[in-house]
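Peer 1: Following this message is one structure expressed as structure tokens.
The values are calculated or read from the model by the stated rules, or taken from the named source; none is laboratory data. As the structure is a computational prediction, the values presented were derived from the model and not from experiment. Glycine gets a Cβ as well: all are built from the backbone with ideal geometry, and neighbour counts include every protein chain shown. Each accessible area value is taken on the protein alone, full model and side chains, heavy atoms only, with ligands, DNA and RNA left out. Shrake-Rupley method; radii C 1.70, N 1.55, O 1.52, S 1.80 Å.
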Amino acid sequence: MNAISVAKRDLLDVRRAKLIWVPVALYVLFMLLFYWGQSNSMNPSFYRIMLSLATIGGVLLIPLVALVAAYLSVAGERESGSVRYQLSLPVSRTDVVLGKLLSRVSVVSGALLASFAIGLVAAWTLVPEMSVEYGDYAVFVALTLLYALAYVSIAVAISAATASRSRAMGGAIGFFFVFNIIWNFLPIGPAYMARFVFEELELNYAASHLEFIFSLSPTGAYLNALELAFPAEQFPGQVGSGFDVFYLQEWFMLVILVAWVVVPLGLGIWRFRRADLG
């Protein structure tokens, strides 16, 4: 028994969880509303719909889809004691965590791909006169899936590092509010606070430093990486074109997102391997 076997077993349980499909249904509803809104426009824009999906639907709902799908992946079985039975089989603790990640990623990715397919059907039927840029749409879908993967990995890591459902839920909610809402959108976020400190102390700083701080969260990196899916004239706030530094280029946003997949998962596995399950 290995990580693949753990994933297959877990997939049977997680795909039946109704709570996972609620934010997915909301995302599809948002998508259909955006397409319907463009159908009443004199100049329907495919890029306007994608931007709305990213900044309104994606930033708020995709992290919720991922966190809801994965925050109990390990902690739920630790609290019930079923993880001890699983570990009595020829499977390591690392296999358990990786298997949970694979199963939750499969469910989230499948749901999102189905949502994007529905979006294409909506574009063809609701706004037939609108030009669909399939290449840019594919890049947008790939970036969104990577963003979702980062949040699934974070949720699995939180679940592996906690011993109860309540702690896993608290950790997932806390991460969402700190690294999504506060970090990127509230005036008490790190970028805002750094600018305030620099100005109060009359220190020299570059705007690129503040933008980099904004990009260090999964949501900030995702929003700035979206430049890869939009022509320059269609995407507001072109990050890479505004700064020459390498750490604000689109490719480096992908590096940050991949780091959010790998680093939390590694920490979660390390914590779970050291945990006392008795």
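Peer 1: Is it true that some residue in region 121-143 is exposed (fewer than 12 other Cβ atoms within 10 Å of the Cβ) and more than 19 Å from M31 (Cβ to Cβ)?
Peer 2: Scanning region 121-143 turns up at least one residue that is exposed (fewer than 12 other Cβ atoms within 10 Å of the Cβ) and more than 19 Å from M31 (Cβ to Cβ).
Peer 1: How many residues are closer than 16 Å to I62 by Cβ, out of contact with any Pro (no Cβ under 7 Å at 6 or more places or on another chain) and open to solvent by less than 50 Å² (accessible area, probe 1.4 Å) when one looks only at region 175-197?
Peer 2: Number of matching residues: 3.
Peer 1: Please verify whether A161 is within 24 Å of E227 (Cα to Cα), surrounded by fewer than 24 Cβ atoms within 10 Å (Cβ to Cβ) and either more than 13 Å from the chain's Cα centre (by Cα) or among the hydroxyl-bearing types (S, T, Y) (or both), treating the condition exactly as stated.
Peer 2: No, not satisfied.
Peer 1: Can you pull out the residues in region 250-278 that are open to solvent by 50 Å² or more (accessible area, probe 1.4 Å) and acidic (D, E)?
Peer 2: Correct list: D276 only.
Peer 1: So, one more: How many residues does region 185-218 contain that are outside any helix (DSSP H, G or I) and under 25 Å from the mean Cα position of the chain (by Cα)?
Peer 2: Summing the residues that are outside any helix (DSSP H, G or I) and under 25 Å from the mean Cα position of the chain (by Cα) in region 185-218 gives 6.
Peer 1: Mind counting the residues in region 140-158 that are within 8 Å of the chain's Cα centre (by Cα) and hydrophobic (A, V, I, L, M, F, W, C)?
Peer 2: The number of residues fulfilling the criteria is 6.
Peer 1: Scan region 24-43 and report the pairs whose first residue is touching a residue at least 60 places away in the same chain (Cβ under 8 Å) and whose second residue is open to solvent by 90 Å² or more (accessible area, probe 1.4 Å), with Cβ atoms within less than 8 Å and a gap of 6+ or a chain change.
Peer 2: Q38/R48
Peer 1: Within region 106-133, how many residues are closer than 25 Å to V258 by Cβ and either in contact with a Ser or Thr (Cβ under 9 Å, 6 or more places away or on another chain) or of a type in the set (F, W, Y) (or both)?
Peer 2: Here the count works out to 2.
Peer 1: If you take the residues of region 65-80 that are more than 16 Å from V6 (Cα to Cα) and more than 24 Å from the chain's Cα centre (by Cα), which of them is surrounded by the fewest Cβ atoms within 10 Å (Cβ to Cβ)?
Peer 2: So the residue we want is S80.
Peer 1: Just checking, how many residues over region 144-156 are within 30 Å of A275 (Cβ to Cβ) and either open to solvent by less than 10 Å² (accessible area, probe 1.4 Å) or of a type in the set (F, W, Y) (or both)?
Peer 2: Within region 144-156, residues that are within 30 Å of A275 (Cβ to Cβ) and either open to solvent by less than 10 Å² (accessible area, probe 1.4 Å) or of a type in the set (F, W, Y) (or both) number 9.
Peer 1: Sticking with this one: Grab the helices (runs of 4 or more DSSP H) fully contained in region 1-95, keeping just those with 2 or more residues being over 27 Å from A117 (Cβ atoms) and not β-branched (V, I, T).
Peer 2: In region 1-95, the matching helices (runs of 4 or more DSSP H) lie at 3-14, 75-80, 82-87.
Peer 1: Which condition number does I56 fail, the rest of (1) open to solvent by less than 80 Å² (accessible area, probe 1.4 Å); (2) at pLDDT 80 or above being met?
Peer 2: (2)
Peer 1: Within region 117-161, work out how many residues are of a type outside the set (A, V, I, L, M), under 21 Å from P218 (Cα atoms) and free of Cβ contacts under 8 Å to residues at least 60 places away in the same chain.
Peer 2: Qualifying residue count, region 117-161: 0.
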